[in-house]
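The values are calculated or read from the model by the stated rules, or taken from the named source; none is laboratory data. Just so it is clear, the model here is predicted, and its values are computed rather than measured. Positions of Cβ are backbone-derived with ideal geometry, glycine not excepted, and every protein chain shown enters the neighbour counts. Ligands, DNA and RNA are excluded from the accessible area calculation, which covers all protein heavy atoms including side chains. Shrake-Rupley method; radii C 1.70, N 1.55, O 1.52, S 1.80 Å.
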Amino acid sequence: MGFFSRLIERLFGKTDTGVIVPKQAAPGATAGAAPQAAPPLARPLNLSADNFLPIARDELKEAAKDVTRWGPWFGRRDVIPPADDPRTRLIDRGMVANGLLTQEQLVEIHQVGAEMERLRPLQFGVSNLAAQAGESAVQAERARRTEIKKQKKAEAADRKKRRAEAIVQRHATDIVFLGRGVSARLGERTSDGEKLKSLDLPMLQTPAELASALGIGVPRLRWLAFHAEVARRVHYVGFTVPKKSGGTRTLSAPHRSLAAAQEWILRNILDRLPVEASAHGFVIGRGTLTNANLHVGRAILVNMDLQDFFPSIGFPRVRSVFQRLGYSPAVATVLALLCTECPRRPVEYDGQSYHVAIGPRGLPQGACTSPALSNQVARRLDRRLHGLALTLGVTYTRYADDLTFSGAAEFNARVGYLMARIRHIAEDECFAVNARKSRVLRRNTAQRVTGLVVNDKPGIGRQEVRRLRAILHRAAKEGLEQQNREGRPNFTAWLHGKIAYVSMVRPDLGARFQAQLHAILQGK
């Protein structure tokens, strides 16, 4: 048995008659897996070796003249032409004549071709069924993937919805971001309860607890504390006032909501903190008079000024103050943001007004919390300068940004050393001394400490006393409003304030001024 016969027998089986037929489907096979009816039995070809006798070259060429060159099998690779085809017969005989194939091999080849032709419909049926099954499998896989994709989309939409709900809930109950560069510690929520209790301070650990203590909602607190480099609306109203030394000073008054929050911080936290004995500015029970009393009658008086005192105290130092008290970094961050602000410049862009930050956040001049915070930030500066004063045998006090040292005549030789050390210590504490406002005053000139003359006793300057006396004298004759030569918006209130200041330093003179002003007002 030849190779092709063995291959066909293995693929399709063989009947008892010796005719090759395809194998039958196994019993119980499912419908549609293969054609139900087997193809008809193959017809014997009755080929013999006599049909493939060798042929001479000339005879072959002569016989080829009568053969149609282009038959139905020409160029096909999937078909073995039948042996009775004239063209195929000549080719077969030529191959035998040239010893390329034997007669038996050609018989076997044509038997295989006949079987292929007989089984071709079955092959096409199987191919179609396979194609249909494959297409069904592809469609099923596509449907499965579509369902999986739909399910994943539904799950993603559900996660997105739950995340959006969580964000809304978090925005309503918590603060996790307050702007670039200031939000790094909002996730730390642990306060030192023992330290806060020892200082009699409110126990606060989270921004939500702070909002509750302030009596506002979390969204409102976020709006008040949010840091933005460019903002359409800010929480301060800026205005300028003239300085005694010339130029103007920019003040920032907070709007009502922020001012209320700052007042709560001042009343419940900052006013309860201890300050150094050297600090007299913005301390309950102390003032310009207590500051001046410590320098009365000294031979030498040294006045120095810290440059840009409030703005130089930035957001990180303010936050550090609240953290040292025991508050969590999250609460300390929010408190520091409520008490600081950037210097800003108004600009116009695309028809809109914006406030653009032109520097880092610092203590604004005009917030009620700025003086108390500056005293806390400057505590180490006060301790170091107080230690320096004790070493040199002089007295040191500070009123906001005014540093005052006074001593006996022996101190004269160490004045230069003192002023140099003050500059170095101030720089170590992140402050800068304004050299233009540094003064060394001796007994032969008016020694002033925070506006009061202290040569012999605290007193108001002569020029100021004469000015008030002249205003009251002329007001009695010409009327009070005619004396408002500087155009002050509330001249009467300003005059009351001046007389009250005189009364604090010189009660007797202040009482006389008060009586004169009362008589002028009654005379209206």
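Given a cut-off of under 8 Å on Cα pairs at least six residues apart, what relative contact order in percent is computed for segment 236-370?
On the way: 146 pairs, mean separation 37.4, N = 135.
Answer for segment 236-370 is 28 percent.
Quantify, in whole percent, the carbon and sulfur part of the accessible surface of segment 358-451 (1.4 Å probe; protein heavy atoms only).
Solvent-exposed carbon and sulfur of segment 358-451 make up 49 percent of the total.
With a 1.4 Å probe and all protein chains kept in place, how much accessible area does D456 have, in Å² rounded to the nearest 10?
Per-residue accessible area (D456): approximately 120 Å².
Please work out how much length the chain gains when fully extended from F124 to V347, using 0.36 nm per residue of separation minus the C-alpha to C-alpha distance, in nm with one decimal.
72.1 nm
To the nearest 10 Å², what's M116's accessible area with a 1.4 Å probe?
80 Å²
Beyond 14 Å, what share of the Cα-Cα pairs of segment 60-138 is found? Please give it as a whole percent.
The share of Cα pairs beyond 14 Å in segment 60-138 comes to 71 percent.
Check which residues have an amide H placed less than 5 Å from Y327's amide H, if you skip close sequence neighbours.
Amide H neighbours of Y327, under 5 Å, 5+ apart: D192.
Note down the nm distance, to one decimal, between modelled labels 7 Å out along Cα→Cβ at R488 and at A157.
The answer from the label model is 7.1 nm.
Suppose the chain between A253 and D200 were pulled fully straight at 0.36 nm per residue; how much longer would it get relative to their current alpha carbon spacing?
16.2 nm
List the residues, sorted by chain then number, that are 5 or more residues from A279 or on another chain and whose placed amide H is less than 5 Å from its amide H.
Amide H to amide H, under 5 Å and 5 or more residues apart or across chains, A279 pairs with R398.
Near the amide H of S406, under 5 Å away, which other amide H atoms are found, from residues 5 or more places off or on another chain, if H is placed in the peptide plane?
Residues meeting the criterion, in which the H sits 1.01 Å from N, are V302, T395.
Sorted by accessible area with a 1.4 angstrom probe, largest first, how do Y501, Y417 fall?
Y417, Y501
What angle do you read, to the nearest 10 degrees and between 0 and 90, between the alpha-carbon axis of helix 415-428 and the longest principal axis of the chain?
Roughly 30 degrees between the two axes.
Taking every Cα atom in segment 158-216, find the radius of gyration and the maximum pairwise distance Dmax, and write them in Å.
14.7, 49
What are the equivalent ellipsoid semi-axes of segment 152-274, built from the alpha-carbon gyration tensor (square roots of five times its eigenvalues), in whole angstrom, biggest first? If you can, show how the numbers build up before the last one.
Details: eigenvalues 240, 110, 30 Å².
Three semi-axes, in Å: 35, 23, 12.
At q = 0.19, 0.22 Å⁻¹, what log₁₀ I(q)/I(0) does a Debye calculation on the Cα points of segment 345-441 give, no solvent, two decimals?
Each listed q maps to, in turn, -0.98, -1.20.
How high is the relative contact order of segment 139-227, in percent, with contacts defined as C-alpha pairs under 8 Å that are six or more residues apart?
30 percent
Taking each pair of different alpha-carbon atoms in segment 103-158 once, compute 1/r for the pair, average those values, and report the inverse of that mean as the Kirkwood hydrodynamic radius in Å to one decimal.
Evaluated over segment 103-158, this radius sits at 15.0 Å.
Using Cα-Cα distances under 8 Å and only pairs 6 or more residues apart, what relative contact order does the chain have, in percent?
Computed over the chain, the figure is 13 percent.
Quote the charge dipole size of segment 295-420 about the Cα centre in Debye, to the nearest 20; the model charges only the Cβ of Lys and Arg (+1) and of Asp and Glu (-1).
Details: 13 positive and 9 negative charges, 108 e Å.
Magnitude of the dipole: close to 520 debye.
Carbon-plus-sulfur fraction of the accessible area of segment 52-201, 1.4 Å probe, in percent? Provide the component values of the computation, followed by the final result.
Details: 5900 of 10980 Å².
Carbon-and-sulfur percentage of accessible area, whole number: 54.
Just the number please: accessible area per residue for segment 97-199, 1.4 Å probe, all protein chains included, in Å².
On the way: 7480 Å² over 103 residues.
That works out to 73 Å² per residue.
What FRET efficiency do you get for N434 and A408 if R0 is 22 Å and r is their Cβ-Cβ distance, rounded to the nearest 0.05? Write out the running numbers ahead of the final one.
Values: r = 27 Å, r/R0 = 1.21.
The formula returns an efficiency of 0.25 here.
Taking θ = phi - 60°, what integer Hz values does the Karplus form 6.51 cos²θ - 1.76 cosθ + 1.60 yield along segment 143-151, in sequence order, with x for Gly and Pro?
Those phi angles translate into 5, 4, 5, 4, 5, 5, 4, 4, 5 Hz.
What whole-number value in Å² describes the accessible area per residue of segment 319-430 for a 1.4 Å probe?
40 Å²
Using θ = phi - 60° and the Karplus curve 6.51 cos²θ - 1.76 cosθ + 1.60, what whole-Hz ³J(HN,Hα) does each residue of segment 329-337 get, with Gly and Pro shown as x?
Once rounded to whole Hz, the list reads x, 5, 5, 4, 5, 5, 4, 5, 5.
Tell me, what HN-Hα J-couplings in whole Hz come from the Karplus equation 6.51 cos²θ - 1.76 cosθ + 1.60 at θ = phi - 60° for each residue of segment 302-318, using x for Gly and Pro?
Using θ = phi - 60°, the values come out as 10, 10, 9, 10, 8, 6, 6, 4, 5, x, 6, 8, x, 4, x, 6, 5 Hz.
Summing -39500 (n - 2.57) over the DSSP H runs of n ≥ 4 in the chain and dividing by its residue number, what mean residue ellipticity at 222 nm do you reach, to the nearest 500 deg cm²/dmol?
-15500 deg cm²/dmol
With a/c under 1.5 counting as rounded, go ahead and sort segment 458-512 into rounded, prolate or oblate using the C-alpha gyration tensor (a ≥ b ≥ c being the square roots of the eigenvalues; past the cut-off, prolate if a/b is larger than b/c, else oblate).
Cα axes put segment 458-512 in the prolate bin.
For the chain, what size does the Cα cloud have along each of its three principal axes, sorted from largest down, in whole Å?
156, 53, 53
Give the calculated FRET efficiency between V415 and C368 to the nearest 0.05, with a Förster radius of 45 Å applied to their Cβ-Cβ distance.
Details: r = 37 Å, r/R0 = 0.82.
My answer for the efficiency is 0.75.
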